[in-house]
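A short worksheet on the structure shown next.
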Amino acid sequence: MRPLPTVCVIGAGACGIAAAKVLHERGFAFDCFEASDRVGGTWVFDNRNGMSSAYRSLHINTSRARMELADFPMPATYPDFPHHTQIAAYFDAYVDHFGFRDRITFETKVTRAERRAEGGWEVTTDGGATRAYDALVVANGHHWDPRWPEPAFPGCERFGGRQLHSHQYTGDDPALFRDRSVVVLGMGNSAMDIAVEASFAARQTYLAARRGAHVIPKYVFGRPLDTLGVSPRIPYPMRRRVQARMLRLMVGDMERYGLPRPDHPFGAAHPTISDDALSRIAHGRITPKPNLAVLTERTVRFADGTEVEADVVVYCTGYKVTFPFLDPELISAPRNDLPLFRRVFHPRIGDVFFVGLLQPLGAVMPLAALQSEWICDHLAGRYALPPAAEMQADMASERAAMFARYVASERHTMQVDFDDYVLATRRERRRGARRAARAGHRLPVPPRARTGAVA
Ligand SMILES: Cc1cc2nc3c(=O)[nH]c(=O)nc-3n(C[C@H](O)[C@H](O)[C@H](O)COP(=O)(O)OP(=O)(O)OC[C@H]3O[C@@H](n4cnc5c(N)ncnc54)[C@H](O)[C@@H]3O)c2cc1C
Ligand SMILES: NC(=O)c1ccc[n+]([C@@H]2O[C@H](COP(=O)([O-])OP(=O)(O)OC[C@H]3O[C@@H](n4cnc5c(N)ncnc54)[C@H](OP(=O)(O)O)[C@@H]3O)[C@@H](O)[C@H]2O)c1
């Protein structure tokens with residue numbers, strides 16, 4: 001038994017606990033710092049960390065079959081698309097089942113993680129303590145820092161109604177929408193859920209968007225759509241044609257609902273999933289509109305020149321990827337873009353790793369578990385990265401393919417197809433295991449710091 005590097009995990013949301021579980025099982029000395037008093041991050045409604053974007057009515061839109069961890073299935077009583085309270089309870093039970101709750105330091109926020117010149121990290125928490133670690137695992141989530149429209153829409157400063165971002169929406173204030181005229185901006189999943197919810201209380205709900213989306217249902221043929229697995233061994237264009245044809249048959253053209261015709265083919269945007277939005281449009285309770293143009297004191301004018309009275313505007317315009325504890329000169333994600341090797345490894349900094357910093361078509365959690373196994377293999381000398389030039393070429397081709405496939409938008413900077421990612425990771429881990437064996441299982445991050453040692 002040789003000493004292993006010490007590790008600091010930032011965050012105990014779904015992805016941080018996946019990392020902590022593997023580090024715990026593999027015998028690493030590590031600390032996991034969590035700002036909140038509990039695990040689960042996003043899935044803890046009204047989380048005292050102030051970072052959760054969950055609203056009271058939130059259900060997952062990736063099916064439980066996609067989301068549950070292979071070694072800890074969700075309870076059999078759970079429905080296909082559980083409520084956020086069930087998801088939060090599931091993550092809580094996961095930590096107890098694998099027995100690593102005492103490895104998490106709650107109510108402790110990392111305020112700074114500074115890289116030492118010789119490698120390794122000095123991690124400072126809000127209590128003021130600074131500790132040294134050999135490696136850093138970043139799992140602080142990327143759906144908590146609201147992205148407001150930039151630049152702001154002209155006139156928004158004189159708008160007399162309420163303006164809020166979906167991050168602030170909780171569904172707890174029954175007066176917010178009741179008998180009001182509500183404008184919801186965006187065509188992502190927050191916009192769908194919030195527009196539907198508004199449509200049951202508001203005088204009228206307008207769904208404004210700068211581009212259309214292919215709205216897809218949760219269920220087809222009586223099964224969750226995302227469980228109709230199509231093998232990643234089938235070339236993507238063929239898979240896309242089959243899926244697009246199936247949806248065209250089941251849902252039809254978006255223009256038939258009065259929604260804008262998407263300016264991109266099916267599969268070129270992060271999926272917008274809703275069983276209810278099209279129905280509420282069909283019932284006349286949601287009126288589609290183009291993008292906002294100008295706000296006046298009482299109205300919203302849209303890009304086509306039409307104007308409506310408005311009491312509330314909800315900006316469902318997505319989130320920024322930020323790491324407030326890191327020096328932005330060292331690591332940051334301008335326009336939400338942080339290039340990484342296979343969404344885990346920094347190409348130049350060998351002792352920092354990212355878990356869950358991706359947007360899968362499919363759920364995040366099983367991929368976070370896979371990434372965590374991979375990182376631990378690497379830290380234990382059982383997986384070696386390819387040479388730098390190979391890594392750069394791999395990243396360049398992966399990014400080129402992603403940017404070619406997806407609509408140019410800050411929401412499409414880290415898209416992965418779930419099954420393809422799993423397959424590619426398995427293959428890469430096998431290749432890297434052979435490289436590691438050839439290198440004599442050398443530890444890529446030298447163990448120097450004791451955990452808990454004051455820096
Ligand atoms: C409304 C909504 C619905 C979603 N629905 C789905 C879905 O159906 N399926 C799906 O797969 N994904 C969904 N997602 C994506 C979601 O991001 C993931 O499900 C998952 O929550 C990501 O987990 P995470 O651990 O990366 O981040 P988070 O859940 O954000 O957890 C991050 C944790 O890190 C902690 N933290 C952050 N900074 C610090 C710090 N400096 N120091 C200490 N602790 C820190 C936070 O307190 C938090 O507990 C949804 C996202 C949103 C916003
Ligand atoms: N029920 C659920 O499980 C659920 C619910 C909500 C959210 N989520 C998840 O949470 C994540 C975030 O979703 P989200 O919907 O909040 O954000 P998102 O997916 O990033 O969507 C943002 C939307 O706002 C638009 N937009 C951004 N900036 C704009 C601007 N300046 N002017 C006009 N439109 C603008 C985008 O348009 P462009 O496409 O043109 O950029 C897009 O339609 C996703 O992973 C989503 O799946 C899940």
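A few remarks follow.
- Within the stretch 253-271, considering residues that are within 12 Å of VAL407 (Cβ to Cβ) and not hydrophobic (A, V, I, L, M, F, W, C), the one nearest to ligand 2 (Cβ to nearest atom): HIS270
- Annotation for the stretch 232-244: at least one member residue is open to solvent by 50 Å² or more (accessible area, probe 1.4 Å), over 24 Å from the mean Cα position of the chain (by Cα) and in contact (Cβ under 8 Å) with a residue 24 or more places away in the chain.
- Contact map, the stretch 158-175: first residue of a type in the set (S, T, N, Q), second residue at pLDDT below 95, Cβ cut-off under 9 Å, separation 6 or more or different chains; the map is empty.
- Residues located in the stretch 42-64, provided they are surrounded by 18 or more Cβ atoms within 10 Å (Cβ to Cβ), more than 17 Å from ILE17 (Cα to Cα) and more than 6 Å from ligand 1 (Cβ to nearest atom): PHE45, TYR55, SER63, ARG64
- In the stretch 48-84, residue nearest to the chain's Cα centre (by Cα) [restricted to those that are more than 14 Å from ligand 2 (Cβ to nearest atom) and within 25 Å of THR272 (Cβ to Cβ)]: GLU68
- Filter result (within 11 Å of ligand 2 (Cβ to nearest atom) and more than 30 Å from SER190 (Cα to Cα)) within the stretch 120-151: none
- The number of residues in the stretch 131-180 being part of a strand (DSSP E or B), crowded, with 18+ Cβ neighbours inside 10 Å and of a type outside the set (Val, Ile, Thr) comes to 7.
- Annotation: LEU361 fulfils all but one of (1) among the hydrophobic types (A, V, I, L, M, F, W, C); (2) more than 17 Å from TRP144 (Cα to Cα); (3) within 16 Å of ligand 1 (Cβ to nearest atom); (4) crowded, with 23+ Cβ neighbours inside 10 Å; the unmet one is (4).
- Here SER274 clears all of (1) within 16 Å of ligand 1 (Cβ to nearest atom); (2) surrounded by fewer than 15 Cβ atoms within 10 Å (Cβ to Cβ); (3) closer than 25 Å to ALA408 by Cα except the condition numbered (2).
- Filtered by the rule that a residue be assigned to a loop (DSSP other than H, G, I, E, B) and either free of Cβ contacts under 8 Å to residues at least 40 places away in the same chain or in contact with a Pro (Cβ under 7 Å, 6 or more places away or on another chain) (or both), the stretch 212-229 gives GLY212, ALA213, HIS214, LYS218, PHE221, GLY222, LEU228.
So that you can scan it fast, the table gives a plain yes or no per residue for (1) among the charged types (D, E, K, R); (2) open to solvent by less than 30 Å² (accessible area, probe 1.4 Å):
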| site | (1), (2) |
| --- | --- |
| PHE345 | no, yes |
| ILE349 | no, yes |
| ALA369 | no, yes |
| ALA388 | no, no |
| MET391 | no, yes |
| GLN415 | no, yes |
| ARG429 | yes, no |
| ARG448 | yes, no |
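- Some residue of the stretch 36-43 being within 16 Å of ligand 2 (Cβ to nearest atom), closer than 30 Å to ARG442 by Cβ and in a helix (DSSP H, G or I): no
- Among the residues listed as THR322, THR296, THR317, the single one being of a type in the set (Val, Ile, Thr) and within 15 Å of LEU185 (Cβ to Cβ): THR317
- Filtered residue count, the stretch 94-129, keeping only those that are in a loop (DSSP other than H, G, I, E, B), within 16 Å of ligand 1 (Cβ to nearest atom) and touching a residue at least 12 places away in the same chain (Cβ under 8 Å): 8
- Taking (1) closer than 21 Å to SER274 by Cα; (2) more than 16 Å from ligand 2 (Cβ to nearest atom) in turn, GLY27 satisfies each apart from (1).
- Test: residue in the stretch 94-102 that is at pLDDT 95 or above, among the hydrophobic types (A, V, I, L, M, F, W, C) and within 15 Å of ligand 2 (Cβ to nearest atom): no
- Matching residues, the stretch 304-321, being touching a residue at least 40 places away in the same chain (Cβ under 8 Å) and farther than 19 Å from SER53 by Cα: VAL308, GLU309, ALA310, ASP311
- Scanning the stretch 312-337 for residues that are surrounded by fewer than 18 Cβ atoms within 10 Å (Cβ to Cβ) and on the phi < 0 side of the Ramachandran plot yields a total of 10.
- The stretch 371-383 residues that are touching a residue at least 12 places away in the same chain (Cβ under 8 Å), paired with ones that are among the polar types (S, T, N, Q) (beta carbon under 6 Å, 6 or more apart): none
The values are calculated or read from the model by the stated rules, or taken from the named source; none is laboratory data. Fair warning: this is a prediction, and the values are worked out from it, not measured in the lab. Counting neighbours? That spans all protein chains shown, and the Cβs are built from the backbone with ideal geometry, glycine included. In case anyone asks, the SASA skips ligands and DNA or RNA and just uses the protein heavy atoms, side chains included. Shrake-Rupley method; radii C 1.70, N 1.55, O 1.52, S 1.80 Å.
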